[in-house]
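In what follows, a single structure is set out as structure tokens and then discussed.
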Amino acid sequence: MPRPITELTDEQRRLLAVAVKSAKKARDTEDQAWTDAHAARVAGVPDTVLCEETGLSKSTLNRKYGPRG
């Protein structure tokens, strides 16, 4: 059975647009944080210092960019 079509009110559409904009901004900000973390790592900042100072996960850092060789 197909899902019923939801008719949003003007207020719901407005709030949905705000939520979508916030989610995109959060994704973009997180992507930039990882790009900056990678640059710091390549420059020689130790992973422990990088993760402690940024709050980024060391396991995710290793998963995204590989373990330090």
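Summary table below
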| read-out | value |
| --- | --- |
| Calculated P(r) of the chain - Cα pairs past 17 Å, % | 57 percent |
| Highest to lowest packing among 47-53, 13-19, scored as the average C-beta count within 10 Å | 47-53, 13-19 |
| For Ala40, net neighbour charge (Lys/Arg +1, Asp/Glu -1) across residues whose Cβ lies under 12 Å away | -2 |
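Every number in this text was worked out from the coordinates using simple rules, so none of it is lab data. What you see is a predicted model, and the numbers here were worked out from it, not measured in a lab. Every residue, glycine among them, receives a Cβ derived from its backbone with ideal geometry; neighbour counts consider all protein chains shown.
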